[in-house]
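Where a number appears in this text, it was derived from the coordinates with a stated rule and is not lab data. Small disclaimer: the values here were computed from a predicted structure and weren't measured. Don't worry about glycine lacking a Cβ; one is built from the backbone with ideal geometry, like all the others, and counts go over all protein chains shown.
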Amino acid sequence: MSYLPLFIDVTGKKCLVVGGGKVASRKLIPILGTNMIVTLISPDVIDEIHLKANEHKNLKIIKRKFNKEDIEDQFLIVAATNDTKINQEIAKLSKEKNILINMAEDSISGNTLIPSVVDRDPIKIAVSSGAASPILTRLVKTKLETVIPYSFSKLAEFMMEYRSIVKKTFLKISDRRNFWEVFLDGPISEMVLSGHVDKAKKALDKSLEEKVMLEKTGEVYLVGAGPGDPELLSFKALRLMQKADIVIYDRLVSKPIMNLIRQDAEKIYVGKQRADHAMPQENINELLARLALEGKKVLRLKGGDPFIFGRGGEEIESLIKDDIPFQIVPGITAASGCASYAGIPLTHRDYSQACIFVTGHLRDGTVNLNWKMLAHEKQTLIFYMGMHGSKIICEELVKHGLKKHTPAALIVKGTTEDQEVIIGDLKSMPEIILKNKIIPPTLLIIGDVVKLHNKLKWFNPFHLRDKNFRI
């Protein structure tokens, strides 16, 4: 059967749903999102539908059996009873009267499909498999939901508001098309998507008042890539990764995440590791500004979260000086991601009432920290870049009051398929690290919550096993 996808104005039109169970309740979801006048007929109606009636004034429930006369004056009928004979009778009567009929459990017997809808009102995307497979339809809808931001609704409303103004300003169709194409590809649309509608209006008003065509301008996206697992990326991060012209990325961005970047984007590596900086931070700041001023959409991709030991603040400060538009997309920081994948809760009512993120490598190359503040029980310490300074870290914590058998965990390549969790304590951890020649990235967690690792660990790829060291 061939179906023609249509979007029809159903305001004030009548819809009859026959059936009062789970299937009828599911069918009501898209229907009640319209302005149709809906009547549901069934001797028995589940509580779920009664709740819908309380929330939607356009739904009326009649508790009785279906009668032939019920189909009169209906625009759409949904047959959703658990009786096949009644459903077939409803379908026959509807077709005789040229009424649209949707068969909930036997789509082919009807003449109308109610699709799954990705709703970004006023944008609506209808998905149907032509009755072939509802599961496949749901899968396609889910994939679309992940790549179409909810803020597209605001963007569509914004464009609708300016549609007539743009039409009066630019008389040629080709000029209007170019105007909107540049708008959608530039920073003004991103202002709308990120919630800065007033700022976007000022920028667009200025362009329209001067009757100047929008120019392609650069922008920087400071995006946190998380600790390694690509499925931990946010929807917004993925969208901007696909939009960027140039990607400036760090050493801690995993290969699977790099594979999600737009294929034709230029990639520039600026990774840093101990005593080896591919590009000094000052040069990175200058590079971001220069490329954006050239009109490029620049993705600054960082492992973890850019504002947690990621120097994101320094990079943004340099952009502000040159008045360059930018966006910041937080990522799951290594402490949260790696600890979760290792089955180590950062806080726990019985073990830890505080959590402290600490850098194990200061700007001057030392590990000169506030040891008195750090060396307390009932708190969790998470050291970023702490592997090479682990001997000093462990010794100083013991010297300032922590017990030498305080549990410690070193997580290597956390959240990736190569993750390893190495368990020890303040006394043994430096020697364990020395003997095993571990290669970063690593994260050092210290505190009694480490005791829960064996009980709570869940992420353990079948071809790997955690390397647990006991001293």
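PRO149 meets each of the listed conditions (1) touching a Phe, Trp or Tyr at 6+ places or on another chain (Cβ under 8 Å); (2) in contact (Cβ under 8 Å) with a residue 24 or more places away in the chain; (3) farther than 27 Å from LEU260 by Cα apart from (3). Against the conditions (1) surrounded by fewer than 20 Cβ atoms within 10 Å (Cβ to Cβ); (2) in contact with a strand residue (DSSP E or B) (Cβ under 9 Å, 6 or more places away or on another chain), ILE433 satisfies every one except (1).
Just so you know, in the stretch 99-123 the residues that are acidic (Asp, Glu) and free of Cβ contacts under 8 Å to residues at least 60 places away in the same chain include one that is nearest to GLU69 (Cα to Cα), and it is ASP106. Counting only strands (runs of 3 or more DSSP E) that sit wholly inside the stretch 1-83, those with at least 3 residues that are closer than 17 Å to GLY110 by Cα are 14-18, 76-79. Is it the case that some residue within the stretch 218-235 is touching a strand residue (DSSP E or B) at 6+ places or on another chain (Cβ under 9 Å), buried (at least 21 other Cβ atoms within 10 Å of the Cβ), among the acidic types (Asp, Glu) and in a loop (DSSP other than H, G, I, E, B)? No - not one qualifying residue is present in the stretch 218-235. Could you say whether any residue in the stretch 195-208 is within 30 Å of LEU32 (Cβ to Cβ) and either exposed (fewer than 12 other Cβ atoms within 10 Å of the Cβ) or in contact with a Pro (Cβ under 6 Å, 6 or more places away or on another chain) (or both)? Yes - at least one qualifying residue is present in the stretch 195-208.
Residue by residue, here is whether (1) on the phi > 0 side of the Ramachandran plot; (2) free of Cβ contacts under 8 Å to residues at least 24 places away in the same chain; (3) buried (at least 16 other Cβ atoms within 10 Å of the Cβ); (4) over 34 Å from the mean Cα position of the chain (by Cα) holds:
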| site | (1), (2), (3), (4) |
| --- | --- |
| LEU6 | no, yes, no, no |
| VAL17 | no, no, yes, yes |
| ILE31 | no, no, yes, no |
| THR39 | no, no, yes, yes |
| ASP44 | no, no, no, yes |
| GLU55 | no, yes, no, no |
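For the stretch 64-98, a tally of residues being free of Cβ contacts under 8 Å to residues at least 40 places away in the same chain and of a type in the set (A, V, I, L, M) returns 2. Of the residues making up the stretch 393-406, none is small (Gly, Ala, Ser) and either under 29 Å from VAL253 (Cβ atoms) or surrounded by 14 or more Cβ atoms within 10 Å (Cβ to Cβ) (or both). Taken over the stretch 333-387, the residue count meeting the criterion of being among the aliphatic types (A, V, I, L, M) and surrounded by fewer than 15 Cβ atoms within 10 Å (Cβ to Cβ) is 3.
In the stretch 418-430, of all residues being aliphatic (A, V, I, L, M) and not in a strand (DSSP E or B), the one that is surrounded by the fewest Cβ atoms within 10 Å (Cβ to Cβ) corresponds to LEU426. Name every residue in the stretch 333-386 that is of a type in the set (Val, Ile, Thr), in contact (Cβ under 8 Å) with a residue 12 or more places away in the chain and in a loop (DSSP other than H, G, I, E, B), in order of residue number. The answer is THR333, ILE344, THR347, VAL367.
The residues listed here are ILE246, ILE188; of these, the one that is buried (at least 17 other Cβ atoms within 10 Å of the Cβ), of a type outside the set (Gly, Ala, Ser), farther than 15 Å from LEU299 by Cβ and within 24 Å of the chain's Cα centre (by Cα) is ILE188.
Looking across LYS255, LYS202, LYS243, LYS206, one residue alone is charged (D, E, K, R) and touching a residue at least 12 places away in the same chain (Cβ under 8 Å). It is LYS243.
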